[in-house]
Amino acid sequence: MERTREMTSIGADWDKFYSAEISSKTPFFSRDGRLYDCLFAQQLNRELLERLFKTAGDLREITQKKEGADFVSSLLSHKRGMLYFVQPSTRTFLSFLNACHILGIKTSEIRDTSTSSEVKGETPEDTVRTFSSYVDLIIMRHPAPGFVEKTAWLMNRTGRPVPIINGGSGKDQHPTQALLDMYTLYRSFNGSVDGRKIVMVGDLKRGRTVRSLSYLMKNYKNISLAFVSPKEFKMEPDILEFLNKHSISFIETEDFGSVMGDADAIYMTRIQDEHDKTGESKKVDYSPFYFKKEHLKILKKNCVIMHPLPRRHEIEPAVDEDPRAMYWRQERNGMWARAALIAHIFGVDSKIR
Ligand code: CP
């Protein structure tokens, strides 16, 4: 890995490293002009996004036929991957697992610390380092913000680093969700994301998907965002500062109806009550932030309705039948986008394209 002298000195101290600007850290997590660790949405620039979208599209097409699927599954058949998901997950886990299998990577998994030696008092850091003795890739979901980054930092300082992919860390980042969300927007608008009006709805304060997706907006021109949430769960100031810094237009409102009719995409999210400290979610009426079947008539003809899922009541199931309901396709897009990312990390994407 090419590292500047400055990076090497920042990289020596975790607290100093953790508090540094993301832009100064990204070289530490790259090699030979490629992502090595995928930890933050800010690592995904437009050129890389479009390269990943092209690879994802090619993967979908090539693997429809057996000989294509066999070719793709030979590309990384010499690699082994670990899925360490100690926070609940259905689609991120399964889409990464199947993305690995599409590329021929053999997988192992831990989904609960009670089944690992952490139950005997081993630290999570030592646990992850142990994985690197056996595998060539670690994909992680962890409840502690910053932990995935810390393990990537630690791993890069050992003699046997392996790439780390963040499958969701605390309430701070979910970069591969942002990748698949942007891939869904890209496919829905035939590659024309510039100038779109995107409405994000729900618990924006504690939702890591909307945070990571907001970071990706800086790659596109003339995006307008509307953040719709109860006043208790407004988007955090650090994201608003980021948007201001990059001259990305946004408004904040509690009136969902006022922005529905003009939206090109509506991104619904659920209340994140797993982060409650004192049952604060129970004190909020969330129903004004639901998308109902009756709202479909207000939407533009080509508006897409998205949701990272899982949902509770935010989108009435009757909406699923509408062609603008994109969330089931969105979750499937995740498998292809994640396979494209893994292929990029291991440098086999050019063989697919
Ligand atoms: N969107 C998402 O992260 O879903 P899971 O929690 O099911 O992985």
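Once the piece of chain linking SER24 and ASN98 is laid out straight, how much longer is it, given 0.36 nm per residue of separation minus the C-alpha distance between them?
Stretched out fully, the SER24 to ASN98 stretch lengthens by 23.3 nm.
Rg (Å, one decimal) plus Dmax (Å, integer) for the alpha carbons of region 1-131?
Values for region 1-131 (Cα only, Rg and Dmax): 17.9, 50 Å.
Taking region 9-85, which trypsin sites (Lys or Arg not before Pro) meet the DSSP loop condition and have no more than 10 other C-beta atoms within 10 Å?
Values: sites: LYS16, LYS25, ARG31, ARG34, ARG46, ARG51, LYS54, ARG60, LYS65, LYS66, LYS79, ARG80; in loops: LYS65, LYS79.
Of the trypsin sites (Lys or Arg not before Pro), the ones in loops of region 9-85 whose Cβ has at most 10 other Cβ atoms within 10 Å are LYS65.
Go ahead and set up a Gaussian network model of the chain, Cα springs under 10 Å, then flag whichever of GLU316, GLU254, GLU67 fluctuates most.
Highest fluctuation of the listed residues: GLU67.
Tell me, how many Å apart are the Cα centres for region 15-85 and for region 249-273?
Their Cα centres are 30 Å away from one another.
Would you mind telling me the share, in percent, of accessible area of the chain contributed by carbon and sulfur at probe 1.4 angstrom?
49 percent
For the chain, what is the relative contact order in percent, using Cα pairs closer than 8 Å and at least 6 residues apart in sequence?
Worked out over the chain, it gives 18 percent.
Which is farthest toward the positive dipole end of the chain among TYR84, MET235, VAL119, measuring Cα position about the Cα centre, with Cβ charges +1 (Lys, Arg) and -1 (Asp, Glu)?
TYR84
Write down the accessible area per residue of the chain in Å², having rolled a 1.4 Å probe over the full set of protein chains.
For the chain, the solvent-accessible area averages 44 Å² per residue.
Of GLY347, MET335, PRO161, which is farthest towards the positive pole of the chain's charge dipole, taken about the Cα centre with +1 and -1 on the beta-carbons of Lys, Arg and Asp, Glu respectively?
Result: GLY347.
Report the FRET efficiency, 1/(1 + (r/R0)^6), for GLU294 and TYR134, where r is their Cβ-Cβ distance and R0 is 41 Å, rounded to 0.05. Before the final figure, lay out each step's value.
Numbers: r = 53 Å, r/R0 = 1.30.
The value I calculate is 0.15.
What is the local net charge at PRO323, summed over the other residues whose Cβ is closer than 11 Å to its Cβ (Lys, Arg +1; Asp, Glu -1)?
0
Using alpha-carbon pairs under 8 Å, 6+ residues apart, how would you state the relative contact order of region 180-268 in percent?
Once normalised by length, the contact order is 36 percent.
For region 109-161, what class follows from the C-alpha gyration tensor (a ≥ b ≥ c being the square roots of its eigenvalues): rounded when a/c is under 1.5, otherwise prolate if a/b is larger than b/c, else oblate?
Taking the square roots of the gyration eigenvalues as a ≥ b ≥ c, region 109-161 is prolate.
At q = 0.08, 0.11 Å⁻¹, what log₁₀ I(q)/I(0) does the chain have when each alpha carbon counts as one equal point scatterer in the Debye sum?
Debye intensities relative to I(0), on a log10 scale: -0.39, -0.74.
Given the rule -39500 (n - 2.57) for each run of at least 4 DSSP H residues, summed and divided by the residues of the chain, what is its mean residue ellipticity at 222 nm, to the nearest 500 deg cm²/dmol?
-10500 deg cm²/dmol
Too long at a 20 Å Cα-Cα cut-off: which of LYS234/LYS292; LYS171/LYS277; LYS16/LYS245; LYS197/LYS301; LYS120/LYS277? If you can, show how the numbers build up before the last one.
Numbers: LYS234/LYS292 22 Å; LYS171/LYS277 14 Å; LYS16/LYS245 23 Å; LYS197/LYS301 14 Å; LYS120/LYS277 28 Å.
Long pairs (Cα-Cα over 20 Å): LYS234/LYS292; LYS16/LYS245; LYS120/LYS277.
The values are calculated or read from the model by the stated rules, or taken from the named source; none is laboratory data. Everything numeric in this text was worked out from a predicted model, so none of it was measured. FYI the Cβ positions are ideal-geometry reconstructions off the backbone, even for glycines, and counts take in every protein chain you see. Protein only, heavy atoms only, side chains kept; ligands, DNA and RNA dropped before computing areas. Shrake-Rupley method; radii C 1.70, N 1.55, O 1.52, S 1.80 Å.
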